[in-house]
Amino acid sequence: MSRIVVVTSGKGGVGKTTTSAAFATGLALKGYKTAVIDFDVGLRNLDLIMGCERRVVYDFINVISGEANIKQALIKDKRSDNLFILPASQTRDKDALTQEGVEQVLKDLTDDGFDFIICDSPAGIERGAALAMHFADDAVIVTNPEVSSVRDSDRILGLLQSRTRKAERGESIREHLLITRYSPARVASGDMLAMEDILEILAVPLIGVIPESGSVLQASNSGVPVIIDKESTAGQAYDDFVRRFLGETVPHRFLEVEKKGLFKRLFGG
Amino acid sequence: MGIFDYFRTPKPNTAQVAKERLQILIAHERVDRSGPDFLPKLRNDIMEVIRKYVQIDEKDVNVQIGKMDDYDVLELNVTLPERIPHSGRTPS
C-alpha cells in the first residue's frame, strides 16, 4: 500500500510546493519509490520547482480524462530513479478534476508499487485543495509564524477532521505541523510568533521547523529542490523533517539566534 | 543590531499581541465549526431581536453549545451597553 500524504496550508505562498518538492526528493533519495502530484490545476508550478518544466508532455487532467495513461504522464526525476512528478494541467477547466478521477490515479500509483504519494495542494479550500486532502493518510500542514497563516491552518485542520475519506470512515488523518520561514532573531526580538506559541494554538504534533533562508529562493531559481543543498540551513532542516517523518528521532535545529561576533554586535550586520 | 539601537525605546512585543488575538479568534471559530450548522443563523436571529430594543454589536452576542454529561446546553451570553435608556418614570 502506498502512503498518501497531502501537503496543505490554506494560505498561499507559505511554502507548500517548496515543501512538496523537498519532501518527495528526500524520500526518494532515501530509497523510497515516490510520486509527487501537483493539484493546482491552472497554476502549475511544481514542475518549475523540481526543474522539469520543459519535460511536461501530459498532465494530471490528461490522465483523468483518459487521454494519456499514468506511465506516459509521470516525469522521471533527473536526480533519483525513485522519484516521479505528475504535473498539473495549465490550461484546462478545473471541473475536469473529479473525485473518481483522483481516486483512480491514486489507485494506479498504488498498484505500481509506489511507497509514497505526495499531494501538493493548491491554496484555498476549493475543489483542488479538497481533493488533494481527500484520500490522504497523513497531512503535513505548512504554517508561517504569522497570524493569517496560523488561522488558515486551523481552518484546514477542521476540514481534515471532517471532509476527508478517513473522517467519513470515523478514522483520522495523521497530522504533522511544519513551520516554515522561521526567524529565531525576530522571535527573540518579539516580532514573530514563537514555535511554542504556534504549537499551543494549533495543538498539532510538530514535525519540523524550516528557518528563513536565502537558499530557498536560490533553489527555486535553479529548479533544484532545496533539500539537495546540504550546505543550507533550510536544506538540512528539510532533511531532518523527512527523517522524522520516516520515524527517526531527530532533535530540532536552527531554533536559536546565531551567535554574532563582537564586531557584528557593535556595528550591526 | 548596532550600538545605537541600545538607546532606542523598546518596541512593543507584537508577537504576544498576535498570540492573544489568535487564541481568541481560533477559539471562536472552533466553536462555530463544532456546533450544529444552525448556530451562526440562530446567533443572527437572536441579535436581530435584541436590536429591536437595544443597539448591540456583533461581538456582544455569544452563542455556543456547552457539553454536559449526557446532554448539550445552549449558552447565550449577551453583553448590553453600559446604560440602557429608561423609558419609564424615574422614582422621585
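Does the stretch B:18-46 hold any residues that are free of Cβ contacts under 8 Å to residues at least 12 places away in the same chain, farther than 18 Å from A:Gly158 by Cβ and more than 11 Å from chain A (Cβ to nearest Cβ), and which are they?
The answer is B:Lys41, B:Asn44, B:Asp45.
Hey, which of the helices (runs of 4 or more DSSP H) in the stretch A:1-82, taking only ones fully inside, have at least 3 residues that are within 20 Å of A:Glu175 (Cβ to Cβ)?
A:16-29
Go through (1) part of a loop (DSSP other than H, G, I, E, B); (2) within 14 Å of chain B (Cβ to nearest Cβ); (3) touching a Ser or Thr at 6+ places or on another chain (Cβ under 7 Å) and name the single condition A:Ala136 misses.
It is condition (2) that A:Ala136 fails.
B:Val63 is checked against (1) surrounded by fewer than 14 Cβ atoms within 10 Å (Cβ to Cβ); (2) at pLDDT below 85; (3) within 20 Å of the chain's Cα centre (by Cα); (4) not acidic (Asp, Glu) and fails just one. What number does that condition carry?
Only one criterion is unmet by B:Val63, namely (1).
Exactly one of these conditions fails for A:Glu200: (1) open to solvent by 40 Å² or more (accessible area, probe 1.4 Å); (2) within 11 Å of chain B (Cβ to nearest Cβ); (3) under 20 Å from A:Ala21 (Cβ atoms). Give me its number.
(3)
Could you list, in sequence order, all residues of the stretch A:136-162 that are open to solvent by less than 10 Å² (accessible area, probe 1.4 Å) and over 30 Å from B:Ala15 (Cβ atoms)?
A:Ala136
Here's the yes/no breakdown for (1) at pLDDT below 95; (2) under 26 Å from A:Asp138 (Cβ atoms):
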residue	(1), (2)
A:Ala194	no, yes
A:Val204	no, yes
A:Ser222	no, no
A:Ile227	no, yes
A:Lys230	no, yes
A:Thr233	no, yes
A:Arg243	no, yes
A:Leu262	yes, no
A:Gly268	yes, no
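Test A:Arg165 against the stated conditions and say whether it is open to solvent by 60 Å² or more (accessible area, probe 1.4 Å) and within 14 Å of chain B (Cβ to nearest Cβ).
Criteria not met by A:Arg165.
The values are calculated or read from the model by the stated rules, or taken from the named source; none is laboratory data. Remember, predicted model here, so these are calculated numbers, not experimental data. In this analysis, Cβ positions are derived from the backbone assuming ideal geometry, glycine residues included, and neighbour counts consider all displayed protein chains. Heads up: the accessible areas ignore ligands, DNA and RNA and are worked out on the full protein's heavy atoms, side chains in. Shrake-Rupley method; radii C 1.70, N 1.55, O 1.52, S 1.80 Å.
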